[in-house]
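Let me begin by presenting the structure, written as structure tokens, before commenting on it.
The values are calculated or read from the model by the stated rules, or taken from the named source; none is laboratory data. Predicted, not measured: the structure shown is a model, and the values here were computed from it. Glycine gets a Cβ as well: all are built from the backbone with ideal geometry, and neighbour counts include every protein chain shown.
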Amino acid sequence: MKSFPLTDSAALAELVCRSALPMDTPAILELTRHIWNGHDYIPVVWQDWLADAEGFLAVAEYGRRIVGMGKLTRLEEDEWWLEGLRVHPDFEGRGFATHIHRYLMQHWQALGKGVIRLATASKRIAVHRICAKLGFQKVAEFSAYEKRTETGGETAHFTPIQPEEVEIALDLALASDLLPLCFHLIDLGWQWARPRLSYLQRRIAAGQAYWWRGRSGLLCVDENKEDELKSQLICWVACALQDLTEFLVDFAQFAAQSGYQKAAWIAPLQPPVQRALGHAGYGAAWDFSLYIFEYRPAAPYRRP
């Protein structure tokens, strides 16, 4: 397995990475105030991240100032996620992000196994370079599509999946034409992972998993809470590719009947999927895409 030494440059000797502490909260809130014009999500999740006993939350200090952070999150025993990598704009371009990334990878090698992934915008060239340097491979590309919903029309063809049906639903999802087109990944909520029984069980328990037109397809949904308009978001879809346009039309109707003003999907950038989205009346919501990078030891994938 590849090792991740903290740094190969004496210039970073003054940067110290350590576990995050509750007393770091004011400094993190100040740091994130300078990210995304003050719209960073970190302040919303910070307390939850501090309380996460299964993952690892780190900060980076330069002198007595906290200048960066990052989070290692356990999705399952053999599936992990890197998120929240931040460096204060005043300290960008000094290699601090690479240093924090290596520090988190060291902890992953001590705590975890299997595979670790992260997501970053197509515009974040510096992050792409860090990933390449540390042995990560780009494995998927997604972008957001949306459609304004309209009330009225026929009833959407979705019914809740029952807990005792979870195995049948997973089998359908794993056999779906769409799984390879989705790069064999599903959206857990800004975290992407391979489909598995535990993820589907959580959606069913939350009332977020549905059959489409009998058992012709599967839908898992979430709510986009960051949008000005109330949006329902596809997280997991399974159906025959030839039925995808009809599925998406039905989903928009389902979103409307559920009280949402928009139907949305962070969809794989694959021509057949994009054609179906266009035919169903969905338009691009972003002027960029989202890259998924992955690091894993060489091993064949087995169904969880």
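Quick rundown of the values:
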quantity: Which numbered condition Ser122 fails, given (1) touching a helix residue (DSSP H, G or I) at 6+ places or on another chain (Cβ under 9 Å); (2) over 22 Å from His39 (Cβ atoms); calculated: (2)
quantity: Of residues in the range 190-228 being touching a Cys at 6+ places or on another chain (Cβ under 7 Å) and of a type in the set (Gly, Ala, Ser), the one nearest to Ile116 (Cα to Cα); calculated: Ala209
quantity: Residues located in the range 90-124, provided they are among the aliphatic types (A, V, I, L, M) and either in contact (Cβ under 8 Å) with a residue 24 or more places away in the chain or within 25 Å of Glu30 (Cα to Cα) (or both); calculated: Ala97, Ile100, Leu104, Met105, Leu111, Val115, Ile116, Leu118, Ala119, Ala121
quantity: Which listed residue is surrounded by 21 or more Cβ atoms within 10 Å (Cβ to Cβ) and at pLDDT 95 or above, from Trp286, Trp236; calculated: Trp236
quantity: Looking only at the range 262-293, and only at residues there that are closer than 24 Å to Thr120 by Cα and in a loop (DSSP other than H, G, I, E, B), the one that is nearest to the chain's Cα centre (by Cα); calculated: Ser289
quantity: Flag for Ala60 being outside the structural domain of Trp36 (by TED's automatic domain parsing) and out of contact with any Pro (no Cβ under 7 Å at 6 or more places or on another chain); calculated: no
quantity: Any hit, the range 170-187, residues being charged (D, E, K, R) and over 18 Å from the mean Cα position of the chain (by Cα); calculated: yes
quantity: Residue among His184, His157 that alone is at pLDDT below 95 and of a type outside the set (A, V, I, L, M, F, W, C); calculated: His157
quantity: Qualifying residue in the range 241-261 (condition: assigned by TED's automatic domain parsing to the domain that holds Gln274, under 30 Å from Leu72 (Cβ atoms) and outside any helix (DSSP H, G or I)); calculated: no
quantity: Checking Thr98 against (1) of a type outside the set (A, V, I, L, M, F, W, C); (2) at pLDDT below 95; (3) assigned by TED's automatic domain parsing to the domain that holds Gly214; (4) surrounded by 14 or more Cβ atoms within 10 Å (Cβ to Cβ), the condition it does not meet; calculated: (3)
quantity: Qualifying positions in the range 110-128 - part of a helix (DSSP H, G or I) and in contact with a Ser or Thr (Cβ under 8 Å, 6 or more places away or on another chain); calculated: Val127, His128
